[in-house]
Amino acid sequence: MKRLLRRRKSLIIAFIAATASFLLGVTLPINLRANQPLEPIQAQALAVSQSQEQKPISNINQFKQAIAHRVELSQQALAQLQGIRFQSTVLSQFQGTTIREAKLDSQHKAIALTFDDGPWPTATTQILDILKENNIKATFFWVGRYLQTYPEIGKQVAAAGHAIGNHTWNHEYLKYSEEGAAREIDRTSSLIEELTGVQTSMFRPPGGILNNGLAAYAQKKNYAVVMWSADSFDWRTITESLTDNVMRQAKSGGIVLMHDGGGNRSRTVKALPDIIARLRNEGYIFVTVPELLQMQEQELKNQETAQK
Ligand SMILES: [Zn+2]
């Protein structure tokens, strides 16, 4: 009887050891793939495994708990990785179309803040801080050559869970052949994916120009061409209230245009907390552009089921 118990015990230990090594094998590639955006979780996992190494594990239950915890961490890491990859994907019915706003009924006061021409030193991280304090996810349209210059800032934006769109490589107001447009757009999307893991299906043409070959190429490649319904005019040099500009044009389903890069954006940074507070006062919630489009789709579905 005693021998049988001992054998069973050694079987359990062997099983646990096998599970642990399997899990290590599973989590290792995840850790390797997720180099930048997963830092907090990796640090957490490391801290857990280090604290376990220091204390000898006194019984099997503790060991089981440690494994369960490890599984939980890798599941979280995987979910985060998938989240980052698909947070910039719009529903397929919007791909290849041009969007200025979403059609939402008045019950849902939702609005999307968008920031163009980054990543950019100082302003982008200041805006990230303001968004974080307010628990808001926004949408950033990046210029490829700025992302190449400031990759770490770009990684911070993606890791914070914001949606990312393509805003060409050079940000120029020219006429483009299909090859020229392909160079501007493909190169930018490749760099976004290479640095952040994000696959974007959103494109915003520089200056909002829709007839110079860029938007046509983007639509052909199934990007949603994302314009805006409210311009903060933060790019103009005249002194005016950016907050008033936004509030005057704000509406449910709206897309607000602001800038975090391409020049000195201290005015935008200064106005942003006030813009957020006043929109919130009017009952708005803040979502990314893909989320805004999902809300429109959901409302449509709800209306259809109500009619049946
Ligand atoms: Zn721009």
(request) Considering (1) out of contact with any Phe, Trp or Tyr (no Cβ under 6 Å at 6 or more places or on another chain); (2) within 12 Å of the ligand (Cβ to nearest atom), say which one residue 156 fails and leave the rest. (result) (2)
(message) Residue under question is residue 168, and the condition is that it be away from the ligand (no atom under 16 Å from the Cβ), of a type outside the set (Phe, Trp, Tyr) and farther than 25 Å from residue 298 by Cβ; does it hold?
(response) no
(message) Residue pairs, Cβ under 8 Å, 6 or more apart or interchain, first in region 160-176 and in the same structural domain as residue 287 (by TED's automatic domain parsing) and part of a strand (DSSP E or B), second basic (Lys, Arg) and surrounded by 19 or more Cβ atoms within 10 Å (Cβ to Cβ). List them.
(response) 165/204; 166/204
(request) Would you confirm whether any residue within region 274-282 is within 16 Å of the ligand (Cβ to nearest atom) and buried (at least 21 other Cβ atoms within 10 Å of the Cβ)? (result) no
(message) Of the conditions (1) within 16 Å of the ligand (Cβ to nearest atom); (2) at pLDDT below 95; (3) open to solvent by 20 Å² or more (accessible area, probe 1.4 Å), residue 207 satisfies every one except a single condition; which number is it?
(response) (2)
(request) Would you please list the contacts, defined by Cβ atoms under 8 Å and residues six or more apart or on different chains, that run from a residue in region 205-217 that is on the phi > 0 side of the Ramachandran plot to a residue that is within 13 Å of the ligand (Cβ to nearest atom) and open to solvent by 10 Å² or more (accessible area, probe 1.4 Å)? (result) 207/173; 208/227; 208/228
(request) Output the residues belonging to region 68-114 that are without any contact (Cβ under 8 Å) to a residue 24 or more places away in the chain and either open to solvent by less than 40 Å² (accessible area, probe 1.4 Å) or in a loop (DSSP other than H, G, I, E, B) (or both). (result) 107
(request) Evaluate the following for residue 139: is it in the same structural domain as residue 171 (by TED's automatic domain parsing), within 16 Å of the ligand (Cβ to nearest atom), open to solvent by 80 Å² or more (accessible area, probe 1.4 Å) and modelled with pLDDT of 95 or more? (result) no
(message) Out of everything in region 103-134 that is among the small types (Gly, Ala, Ser) and within 16 Å of the ligand (Cβ to nearest atom), what residue ends up being farthest from the chain's Cα centre (by Cα)?
(response) 123
(request) Give just the number: which of (1) touching a helix residue (DSSP H, G or I) at 6+ places or on another chain (Cβ under 6 Å); (2) modelled with pLDDT of 95 or more does residue 234 not satisfy? (result) (2)
(request) From (1) at pLDDT 95 or above; (2) open to solvent by 10 Å² or more (accessible area, probe 1.4 Å); (3) closer than 18 Å to residue 290 by Cβ; (4) over 16 Å from the mean Cα position of the chain (by Cα), pick out the condition that doesn't hold for residue 160. (result) (4)
(request) Would you point out the residue of region 222-241, among those that are surrounded by 17 or more Cβ atoms within 10 Å (Cβ to Cβ) and away from the ligand (no atom under 16 Å from the Cβ), that is farthest from residue 294 (Cα to Cα)? (result) 229
(message) Condition check: buried (at least 17 other Cβ atoms within 10 Å of the Cβ), out of contact with any Leu (no Cβ under 7 Å at 6 or more places or on another chain) and not in a loop (DSSP other than H, G, I, E, B). Does residue 181 satisfy that?
(response) no
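The values are calculated or read from the model by the stated rules, or taken from the named source; none is laboratory data. Here the structure is a predicted model, which is why all the values come from computation and not from measurement. As a convention, Cβ positions derive from the backbone with ideal geometry for all residues, glycine included, and neighbour counts pool all protein chains shown. Keep in mind that these areas ignore ligands, DNA and RNA; they rest on the heavy atoms of the full protein, side chains included. Shrake-Rupley method; radii C 1.70, N 1.55, O 1.52, S 1.80 Å.
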